[in-house]
Structures are given as structure tokens and as C-alpha cells.
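The values are calculated or read from the model by the stated rules, or taken from the named source; none is laboratory data. What you see is a predicted model; the values in this text were computed from it and never measured. Quick reminder, even Gly has a Cβ in these numbers, built from the backbone with ideal geometry, and neighbours come from all protein chains shown. Heads up: the accessible areas ignore ligands, DNA and RNA and are worked out on the full protein's heavy atoms, side chains in. Shrake-Rupley method; radii C 1.70, N 1.55, O 1.52, S 1.80 Å.
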Amino acid sequence: MVLRIAAGSSILGRFRFDTEPDAKLPPASAIELSPIGVDPDRTPDNVAVAEIHDDWTFEMHGINGRRRLALVRLPSNWALGEIRAKGNDVTDRILSFGTTDDSLNDVEVVLTDRLAEVSGTVEDARGRPAAGSHVIVAAMDRRKWYPGSRFLRRALAEQNGTFRVAGLPAGTYYLVGCEGVPTGGDDAWQDPEFLESIVTRGTTLTLQDGEKQSLQLEMAAR
């Protein structure tokens, strides 16, 4: 029996920066772009990572399965603006790879330092700072509730109850303060069942690109 292993697809492209002309760009070593599998039972475990060149072009090879292109590492003062391929916006979209025909040769990844941000204070039922409480930000669109989604964020309140969540994409969100989150891993709080149980007990807000909002948040009742 001869076992044939598909060589997989390739992804080639370039980074572009949405910022002021004299802004300092992040080092390439601080950026990690990878096609993240969306079908754990079907997608191969191997994960490609983009090789970023000095001219901000990048490449990766040997990609198979259904995946999303995602920035898994990025300096805190930068965020993903959009990802385009073949003239289409493929940001957060599931793409299929495996053959040469599935390869992408003209991907543009836009990074921006115009960060949307929500900050404020979280208080308990008595109006006291809820130090150490968890602040969960989740898109109202449930289709964006998947592991590693940039539409799901969590922050811990400081001793004085203040919190800050930056780098959010434009959109409408639930914002809720809670005492605890599920155990079982750093991303256990992203479980849709847990999110569904808490989000409607918080507040909602809409953020535009680069917009900053501040508010006072009360801990969700149990």
C-alpha cells in the first residue's frame, strides 16, 4: 500500500499598515499569522506560521483543511484591520485548503493602530469596586463565538475596579462583569453555553472603528 500525503496549499501575501506616515511599525518578530483549523476532528494538527520577510511580504506552505487566517500574536498597540484575498474581504471567514488550486497568492493583511477601546469601572451590588472580577466582552452576533475569536475578550478588574479592553473590531457587543469563569483551560470562558448564560445580564454597546468608550458596569446578578 502506498500512502500519498497531499502537499497542501500555499498562502503568499503582504502586510499593510493603517497608521500615520511617521508611525513606528511593529517588529516582524512580534507578529504571528497562522491558518487556524476550525474542524478539530478533520483538520490536520500541523499549524503553519507565516514567514515574514523584510519587505513585509510573507509566505506559508503545506496547508490543509478548513481554516481561518488569524493573528495569534500581535503587539498590544496594534490590531487586525482586515484580510483580503482575490479582491474579497476574507476576515474571519472559513477557507478551504489542500490543493494547489486552493492556494492564495495575493493576500493583504491590514494592521491598524487605530484601536477601538472600552474602559471603565466595575462595581458590586453595594457600589464598591469589584476588584478581581472578570469583564467579558462578546459580540452580539453568536456566529462570532468561536475559539480565539477577536470578537471575544476578557479583562480582570484592578484593585480599584477599573478595567480596559482594547483592540476590538467595530461592532455591537455585550459587556458583563462576573465573579468567576469556567475552569478547564485559559479559553474555557469562551464556551458558548457559558457566554449565553451571562451576556444578557450585562449591558450592550456599539463601537465604531477607533472609537473609545468609558462606562460604569455593575456585576451581573447570579
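Per the conditions (1) assigned to a strand (DSSP E or B); (2) open to solvent by 50 Å² or more (accessible area, probe 1.4 Å); (3) in contact with a helix residue (DSSP H, G or I) (Cβ under 8 Å, 6 or more places away or on another chain), the sole criterion not satisfied by Asp106 is (3).
Only one of Asp54, Asp113 is open to solvent by 10 Å² or more (accessible area, probe 1.4 Å) and either within 25 Å of Ala170 (Cα to Cα) or free of Cβ contacts under 8 Å to residues at least 12 places away in the same chain (or both). Can you tell me which? Step by step, each of Asp54, Asp113 is checked, and only Asp113 is open to solvent by 10 Å² or more (accessible area, probe 1.4 Å) and either within 25 Å of Ala170 (Cα to Cα) or free of Cβ contacts under 8 Å to residues at least 12 places away in the same chain (or both). Restricting the first member to the stretch 144-156 and to residues that are more than 18 Å from Leu33 (Cα to Cα), and the second to residues that are crowded, with 17+ Cβ neighbours inside 10 Å and aromatic (Phe, Trp, Tyr), the beta-carbon pairs closer than 7 Å and six or more apart or on different chains are Lys144/Phe151; Leu152/Trp145; Arg154/Trp189; Ala155/Phe163.
Annotation: Leu152 fulfils all but one of (1) among the hydrophobic types (A, V, I, L, M, F, W, C); (2) open to solvent by 40 Å² or more (accessible area, probe 1.4 Å); (3) in contact with a helix residue (DSSP H, G or I) (Cβ under 9 Å, 6 or more places away or on another chain); the unmet one is (2).
Only one of the listed residues (Gly161, Gly167) is small (Gly, Ala, Ser), touching a residue at least 60 places away in the same chain (Cβ under 8 Å) and open to solvent by less than 30 Å² (accessible area, probe 1.4 Å). That residue is Gly167.
Got at least one residue in the stretch 72-83 being basic (Lys, Arg), surrounded by fewer than 19 Cβ atoms within 10 Å (Cβ to Cβ), more than 21 Å from Arg143 (Cβ to Cβ) and free of Cβ contacts under 8 Å to residues at least 40 places away in the same chain?
no
Residues are listed down the side, and each one gets a yes or a no for (1) over 16 Å from the mean Cα position of the chain (by Cα); (2) on the phi < 0 side of the Ramachandran plot; (3) in a loop (DSSP other than H, G, I, E, B):
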| site | (1), (2), (3) |
| --- | --- |
| Arg126 | yes, yes, yes |
| Ala131 | yes, yes, yes |
| Val137 | no, yes, no |
| Tyr146 | no, yes, yes |
| Leu175 | yes, yes, no |
| Gln213 | yes, yes, no |
| Leu217 | yes, yes, no |
